[in-house]
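For reference, the structure is listed below as structure tokens.
Just so you know, all these numbers are worked out from the coordinates, no wet-lab data involved. Predicted, not measured: the structure shown is a model, and the values here were computed from it. In this analysis, Cβ positions are derived from the backbone assuming ideal geometry, glycine residues included, and neighbour counts consider all displayed protein chains.
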Amino acid sequence: MDARTIIERLRDGGQPNKDELDWFAAGLASGAVTDAQAGAFAMAVCLRGLSEAARVAFTLAMRD
């Protein structure tokens, strides 16, 4: 799994699954996801949005 694939899916209007969001949140915490990738993810979310299920999954992943 890599950040670029997740960001591309969001950019293209898709939704990441729970495992991808768990990985992305862990990558933010560990430094595996770069600042630029975090910014691109945030921009994709702002432009395309996340489903309610994805928002909940990402929030829980960030909490854990």
Would you mind computing, in nm to one decimal, how far apart the modelled labels at residue 11 and residue 59 are, each placed 7 Å from Cα along Cα→Cβ?
-> 2.8 nm
Got a sec? Which residues in region 43-64 would a label at residue 19 touch, if it sits 7 Å along Cα→Cβ and we count backbone N under 20 Å?
-> 51, 53-62, 64
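Assuming 0.36 nm per residue, please report the length gained on full extension of the stretch residue 32 to residue 4 beyond their Cα-Cα distance. Don't jump to the answer; show the numbers that get you there.
Working: separation 28, 0.36 × 28 = 10.08 nm, distance 1.18 nm.
So the chain would gain 8.9 nm between residue 32 and residue 4.
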Principal axis lengths of the chain from Cα atoms, whole Å, largest first?
-> 27, 23, 18
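Ignoring everything except DSSP H segments at least 4 long, calculate the 222 nm mean residue ellipticity for the chain; use -39,500 (n - 2.57) per segment, divide by total residues, nearest 500. Before the final figure, lay out the partial values.
On the way: 4 runs with 48 residues, N = 64.
Dividing the helical sum by the residues of the chain leaves -23500 deg cm²/dmol.
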